[in-house]
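The values are calculated or read from the model by the stated rules, or taken from the named source; none is laboratory data. As the structure is a prediction and not an experimental result, all values here were calculated from the model. Neighbour counts run over all protein chains shown; Cβ positions are idealised from the backbone, glycine included. These accessible areas exclude ligands, DNA and RNA; they are computed on the full protein's heavy atoms, side chains included. Shrake-Rupley method; radii C 1.70, N 1.55, O 1.52, S 1.80 Å.
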Amino acid sequence: DTLLTIRDLKIEGRQGDRWQPIIKGVNLELKRGEVLGLIGESGAGKSTLGLAAMGYTRDGTRISGGSVLFDGLDLLSLSERRRRRLRGKRIAYVAQSAAANFNPAHRLIDQTVEAPAAIHRMMGRSAAEQEAIELYAALRLPNPDEIGFRYPHQVSGGQLQRAMTAMAMACKPDLIIFDEPTTALDVTTQIEVLSAIRTAVQEIGTAAIYITHDLAVVAQMADRIKILLRGDEVEEQETRAMLAAPKEEYSRSLWAVRSFT
Ligand code: ADP
């Protein structure tokens, strides 16, 4: 049951007065409920590809070929308005800096229920709050009944990160793009947040693209791993097979260092 199909996608970025290739004909397929880990060194094109999976291109970049099909919808030819609607409801995005995504003046739970309450208009406020609390619990936030009633500055970075993931999941999207959501955390918290995210993604049945430059992270998170190098796909395999026997020289070099930036 395929949710997302990216075919021969090509993206260029403006450099001075010239367009240079960023993504050089990448293919990607994601089934419902599946987690694909996207790895590669900095500048490989991971974020660009992750945004394109939602039909977005950054300023200064353009699509020069290929297609992005989400549940049968051609995202690259959707109107901006329809794409934005899809984005709240069926596709969510969780980026690195959690704090930037929260309004410091509003309690966490208000921000967590705001989106689904607007989306699922029929859902009452208390039902939405109850769901948010269940998500906090699934993400192993301490005192899930209480923590939502704090303001963003009253919780730790790792907790805020999980609250942000809860916010993304509250809409029960079909797809979540995680763009290095744990790089800012210390190692212990990172491990905690990762396993919480993994569990919650499985419980909700959301498909995910998990972008990271850290092999240990992707090993823990993903069903399959795709490796990018300078806008090209190096290889893609099921996680266990990839960890046991990377086919390409470049992948083996990554495995040798275990982590890279
Ligand atoms: P990664 O996420 O793997 O670190 P990015 O997708 O952010 O890589 O960037 C890939 C390449 O695209 C980089 O070489 C970067 O310089 C270029 N790039 C990214 N954003 C833009 C932009 N808005 N305009 C022009 N070039 C860009």
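Quick notes on this structure:
- Selection from the range 5-21 of residues that are within 13 Å of the ligand (Cβ to nearest atom) and touching a residue at least 40 places away in the same chain (Cβ under 8 Å): LEU9, LYS10, ILE11, GLU12, GLY13, ARG14, TRP19, PRO21
- In the set LYS46, LYS24, only one residue is at pLDDT 90 or above, among the basic types (Lys, Arg), within 16 Å of ILE177 (Cα to Cα) and within 12 Å of the ligand (Cβ to nearest atom); that residue is LYS46.
- Exactly one residue among ARG32, ARG87 is away from the ligand (no atom under 15 Å from the Cβ), under 13 Å from the mean Cα position of the chain (by Cα) and either modelled with pLDDT of 95 or more or open to solvent by 60 Å² or more (accessible area, probe 1.4 Å) (or both), and that residue is ARG87.
- The range 128-171, subset modelled with pLDDT under 85 and more than 17 Å from HIS106 (Cα to Cα), residue most open to solvent (accessible area, probe 1.4 Å): ARG140
Yes/no matrix, rows are residues, columns are (1) crowded, with 21+ Cβ neighbours inside 10 Å; (2) out of contact with any Asp or Glu (no Cβ under 6 Å at 6 or more places or on another chain):
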site	(1), (2)
VAL187	no, yes
ILE191	no, yes
THR206	yes, yes
ILE211	yes, no
GLN220	no, yes
LYS247	no, no
VAL257	no, yes
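- Residue count for the range 49-72, restricted to those that are exposed (fewer than 15 other Cβ atoms within 10 Å of the Cβ), more than 11 Å from the ligand (Cβ to nearest atom) and part of a loop (DSSP other than H, G, I, E, B): 1.
- Conditions (1) within 16 Å of the ligand (Cβ to nearest atom); (2) at pLDDT below 95; number of the one not met by GLY37: (2)
- If you go through the range 222-241 and keep only what is away from the ligand (no atom under 13 Å from the Cβ), surrounded by 23 or more Cβ atoms within 10 Å (Cβ to Cβ) and of a type in the set (Val, Ile, Thr), you end up with just ILE225.
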